[in-house]
Amino acid sequence: MKRKIIKIDEEKCNGCGLCIPNCPEGAIQIIDGKARLVSDIMCDGLGACLGHCPEDAITVEEREAEVYDEKKVMVNIVKAGPNTIKAHIKHLRDHNQDEYLEQAIEYLKENNIEIPEEKETAMIPPIHQGCPGSKAMAFQKDTDSESDHGGKRPAELSHWPIQMHLISPNAPHYQGSDLLLAADCTAFSLGDFHKDFLKGKTLIIACPKLDDGKEIYLDKLVALIDDARINTLTILTMQVPCCSGFLHLAQQAVAQAERKIPIKSIVIGLQGEILKEEWV
């Protein structure tokens with residue numbers, strides 16, 4: 001039959017998995033580093049997972065697909081436990097899916113499982129509220145450099161998220177900022193990472209060796225240069241060979257961008273010593 005069902009653009013998908021907890025039916029899994037619809041019969045086409053993909057890789061299309069099977073979905077829902085059952089029943093009630101709701105309740109009755117009452121599910125937040133870890137936030141910083149912190153050095157991180165796959169170039173905190181793009185390991189090698197390198201800058205972290213989707217990184221850097229209009233870009237890497245690609249990526253982004261900005265390259269030794277610092 002022809003019906004609405006989700007579509008995942010594998011080229012855009014970075015495998016972050018944020019869509020998975022926002023699919024009430026458990027129809028999405030990460031396979032080979034990409035989010036995939038595991039079965040047509042498990043997707044009701046309501047799109048509860050929409051809006052939680054940082055790469056906008058999920059849409060709803062209308063195509064020939066197997067009929068959604070609520071009872072087969074309930075097998076996985078029940079295995080996940082009572083809280084998941086309540087959340088799924090709430091999802092069906094909130095979307096006025098009376099037919100599916102009837103099938104779900106029938107399955108629960110057949111298997112002697114307690115049916116959540118409306119007053120129980122009414123207290124549950126929507127299952128598709130999104131991962132708080134990917135929500136853009138800016139932090140209020142103490143600008144008084146003479147403040148007494150009791151011997152404890154304050155953190156200089158001014159925003160969240162910071163992992164490159166999760167950040168949005170449109171986030172307000174990047175506008176007109178001096179950006180530090182740091183390889184994941186650098187902060188663990190530098191005792192004074194916050195004071196000497198992060199203070200006064202926005203931050204993005206990534207791993208040039210292990211991360212997939214480098215083309216997504218390139219697009220985001222171009223957007224940060226042209227749309228967020230960052231002032232400068234500092235590349236902080238380790239001395240290991242796999243980090244060298246970061247500088248090339250930054251130079252490629254500047255070459256593709258309409259604006260031209262200065263790039264500083266800082267290379268750190270394994271014990272935290274600065275091996276090289278230069279504008280390139």
Problem set entry | The one condition in (1) in contact (Cβ under 8 Å) with a residue 12 or more places away in the chain; (2) surrounded by 15 or more Cβ atoms within 10 Å (Cβ to Cβ); (3) out of contact with any strand residue (DSSP E or B) (no Cβ under 6 Å at 6 or more places or on another chain) that Gly47 fails to fulfil | (3)
Seminar exercise, completed: Here the residues within the stretch 263-279 that are in contact with a strand residue (DSSP E or B) (Cβ under 9 Å, 6 or more places away or on another chain), surrounded by 12 or more Cβ atoms within 10 Å (Cβ to Cβ) and part of a loop (DSSP other than H, G, I, E, B) are Gly269
Exercise. Are there any pairs with C-beta distances below 7 angstrom linking a residue in the stretch 261-275 that is without any contact (Cβ under 8 Å) to a residue 60 or more places away in the chain and on the phi < 0 side of the Ramachandran plot to a residue that is in a loop (DSSP other than H, G, I, E, B) and among the aliphatic types (A, V, I, L, M), with the two at least 6 apart or on different chains, and if so which?
Worked result: Ile261/Ile230; Ile263/Val280; Ser265/Val280
Seminar exercise, completed: Residue set Thr59, Thr84; condition among the hydroxyl-bearing types (Ser, Thr, Tyr), surrounded by fewer than 17 Cβ atoms within 10 Å (Cβ to Cβ) and within 18 Å of the chain's Cα centre (by Cα); output residue Thr59
For this session: Evaluate the stretch 257-265: report whether one residue or more is over 19 Å from Leu198 (Cβ atoms) and among the small types (Gly, Ala, Ser).
Result: yes
Problem set entry | Selection within the stretch 183-213 - in a helix (DSSP H, G or I) and exposed (fewer than 15 other Cβ atoms within 10 Å of the Cβ) | Phe188, Lys195, Asp196
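Listed here are the residues, each with its yes/no results for (1) modelled with pLDDT under 95; (2) over 16 Å from Ala182 (Cβ atoms); (3) of a type outside the set (Gly, Ala, Ser).
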site	(1), (2), (3)
Leu203	no, no, yes
Leu210	yes, no, yes
Ile216	yes, yes, yes
Asp227	yes, yes, yes
Thr237	no, no, yes
Phe246	yes, no, yes
Leu275	no, no, yes
Problem set entry | helices (runs of 4 or more DSSP H) within the stretch 20-123 that include 1 or more residues charged (D, E, K, R) and closer than 23 Å to Lys7 by Cα | 70-80, 82-94
Exercise. Is it the case that the stretch 161-180 has a residue that's within 24 Å of Asn14 (Cα to Cα), at pLDDT 95 or above and surrounded by 16 or more Cβ atoms within 10 Å (Cβ to Cβ)?
Worked result: yes
Exercise. Going by the structure shown, is Leu224 closer than 19 Å to Ala171 by Cα and among the aliphatic types (A, V, I, L, M)?
Worked result: yes
Exercise. Hey, Ile28 hits all of (1) touching a residue at least 24 places away in the same chain (Cβ under 8 Å); (2) surrounded by 16 or more Cβ atoms within 10 Å (Cβ to Cβ) but one; which does it fall short on?
Worked result: (1)
Exercise. So which residues in the stretch 1-25 are of a type in the set (Asp, Glu) and crowded, with 21+ Cβ neighbours inside 10 Å?
Worked result: Glu25
Exercise. Which one of these is basic (Lys, Arg) and touching an Asp or Glu at 6+ places or on another chain (Cβ under 6 Å): Lys71, Lys34?
Worked result: Lys34
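The values are calculated or read from the model by the stated rules, or taken from the named source; none is laboratory data. Keep in mind that this is a model prediction, so the values were computed, not measured. Positions of Cβ are backbone-derived with ideal geometry, glycine not excepted, and every protein chain shown enters the neighbour counts.
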